Amino acid sequence: MMKKVLPGIIFFILVVSNVSVSAEELEPESIIRTWEIPVGYPADMEFVASAGLALNTMLTDAWFKGIGRNMKDPFREILGTTWQIWWTFMTTIWPHEFGHWVRAREIGGEFVFESFGIPWPDARMDLPEDCDLLSETLTSVGGFEINVLMRRAVVQDFYREGYAFFDQLTHSFIQGIYFPAYAFIVAPAIAGGIDPRDPETWINTMGDPVESAQLVYRNYTKRPSLTDAQTVDPQLVSWYWEYTLLGLAWLLADPLFYTSLKAFSSDVDNLYGKIDAPMIDFGRFRWMAGTLFNPGPLGYELYLYSHLLLDNRYYGLYLKYGRPFLNLGIGLQVPEILSAPGIRAGFSIDYWYEEPLGHGMKAGFTGEVDVSPRLSLGIDGGWKTRGYLLGYPLDEGLFVRGNLLLRSPVH
C-alpha cells in the first residue's frame, strides 16, 4: 500500500508547492479579527473544537491588547513567547481530552478526569459492559477528532477570508502534527520505545495511536492481536506502520503545512503576523488543494480538499478514502450561497459509503445575522443519517448549533 501511495504523494507535493510559490497574495480591503464563541450543548464535538479555537484567539488578544501592551523588551518578548506557547499547548490538550469525554458520553460511558496534570490530566475511560469495538474505537480516537476539527476550521477560514493570523496558523500547525508527533515522539519517549512486533506493545498499550490501531484491527479482522504462539500477528504490525506513516505523509502532502511554518517567523506586532493565503489565480476564480488526515473509528481517512474562490465566494469540496474498512465520501460546503446587507446564508452536504454502516448523508445550513457592525449571530443546523462523519454523533438525527461572532478591525 505505502509503495503505491508514496510516489503519488511526492508528485502531488512537488507540483502544488511549486505552483503555490508563484500564487498571487491577497490583500483584503479590511483586516478583521473574529472571536467565534460557540453557543449550545457542551457534549458536542463541534462545540468543543470551536471553544478551543475561541479560547486560543482570546488568550492571544489578552496579551497583545492588555497584559503585554506596556511591557518593555526583553521581558515583553520572553514573557509573550512563554504566554503563547503555554496557552497554545493548553488549548490543544484540553479540547483533545474533552473529545474523548464527548464520544464516551455519546455511547453511554464516561471519561473521568481524576486530577489536573502536566503535560496532560490524569483520566480514565469508563465504558458500558456491552460496548462493541466500533463504539470503543470511537472514544479512543475522539481526542484526535477534535484536533482535526480545529485544524479544518482554521484552514477553511484561511482560504475563505484570504488571510489568517500567526496564532491561528501556529495553532492549526500543532493540530496537524498532533497525531504523528504522538505516534513517533511522545508515546515512544514515555514507553522507552514502541516496537509493534513486541507483544508488550499490544498488551500494555501506550497512547491513543497504539490503542486505536489495535481496536480497528480487531474490529476488522475479528482476530486477537497475538497468535497462538503469543507473537504479534504480522498483519497488525503492517497495519500499525501504514496507519502511522500515512498520518505523517498525508500531512506533509498539504501545501498549507509549509505556509503555516511562516507563522513562526512572522512579525507578530504587525497585524498579528498576518499571512495571505497562496492560491492559484485563474481570473474569476482562485484555487488551492489541501489534505486532511483523520484517524477515525473505521481506520484512517484521507481527505483531498479543493478550496475554490469564485467571484470571491468560497466553495470547499472534498473527496475521502479510508481503510481498512472501505470508507468513501464526498462533500461540499458553501458558507455564503446567499448574501444581502446584514444577512448571509449557506449550506453543506456530505455523502458517504462505509463498509460496516452502509450509505449515508448529511444536509446542513448556516445562517448569520448582523446585530451591529461588530456583532453577528450565527446558526448551523440540519440532519444526518446513521454513520461516522467528523464532528457529528454516529446515530441518525437532527442537529443545531449557535455562535456569537465578535469582530474588530486590526490596524
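Of the peptides 311-319, 126-134, 162-170, 274-282, the ranking by mean beta-carbon count within 10 Å, highest at the top, reads 162-170, 274-282, 311-319, 126-134. For the set Lys222/Lys362; Lys274/Lys384; Lys262/Lys384; Lys274/Lys362; Lys65/Lys384; Lys65/Lys362, the pairs lying more than 32 angstrom apart at their alpha carbons are Lys274/Lys384; Lys262/Lys384; Lys274/Lys362; Lys65/Lys384; Lys65/Lys362. For segment 140-200, a/c is not less than 1.5, where a ≥ b ≥ c are the root eigenvalues of the C-alpha gyration tensor, and a/b tops b/c. That puts it in the prolate class. Charge dipole of the chain (Cα centre as origin; +1 on each Lys and Arg Cβ, -1 on each Asp and Glu Cβ, all else neutral): 760 debye, rounded to the nearest 20. Helices of the chain meeting both criteria, an alpha-carbon length of 24 angstrom or more along the long axis and an average Kyte-Doolittle score not below 1.6, with helices taken as full DSSP H segments, are 2-21. Among Lys362, Lys262, Lys222, the largest mean-square fluctuation in a Gaussian network model of the chain, built with springs joining Cα atoms closer than 10 Å, belongs to Lys222.
Summing Cβ point charges (Lys, Arg +1; Asp, Glu -1) relative to the Cα centre of segment 220-336 gives a dipole of roughly 280 debye.
Multiplying the residue separation of Leu261 and Ile330 by 0.36 nm and subtracting their alpha-carbon distance yields 21.9 nm. Stretching Glu161 away from Phe116 to a fully extended chain increases their span by 12.5 nm, per 0.36 nm per residue minus the current alpha-carbon distance.
Where in segment 388-411 is the amide nitrogen less than 15 Å from a point lying 7 Å along the Cα-to-Cβ axis of Leu377? Correct set: 401-406.
Label positions at Met71 and Tyr41, each projected 7 Å from the Cα along the C-beta direction, are separated by 4.1 nm. Ranking Phe282, Ile330, Phe166 by how far each Cα lies toward the positive end of the dipole of the chain (charges on Cβ) leaves Phe282 at the top. Solvent exposure of segment 93-172, expressed per residue, is 35 Å² of accessible area, with all protein chains present and a 1.4 angstrom probe. A simple spin-label model places the labels of Leu406 and Thr227 6.1 nm from each other, with each point 7 Å out along Cα-to-Cβ. The slack in the chain from Leu271 to Asp132, taken as 0.36 nm per residue of separation less the alpha-carbon distance, amounts to 45.0 nm. Projecting label points 7 angstrom from Cα along Cα→Cβ for Ile78 and Phe347 puts them 5.8 nm apart. Is any residue of segment 296-318 close enough, with backbone N under 19 Å, to a label point placed 7 angstrom from the Cα of Arg284 along the Cα-Cβ axis, and if so, which? Inside the label zone: 307-317.
Under a model in which nothing but the beta-carbon of Lys, Arg (+1) and Asp, Glu (-1) is charged, segment 20-161 shows a dipole of about 680 debye around its Cα centre. Apolar share of the accessible surface for the chain: 62 percent from carbon plus sulfur atoms, 1.4 Å probe.
The values are calculated or read from the model by the stated rules, or taken from the named source; none is laboratory data. In this text the structure is predicted, and so the values were computed from the model without any measurement. Neighbour counts run over all protein chains shown; Cβ positions are idealised from the backbone, glycine included. Accessible surface areas use protein heavy atoms only, side chains included; no ligands, DNA or RNA. Shrake-Rupley method; radii C 1.70, N 1.55, O 1.52, S 1.80 Å.
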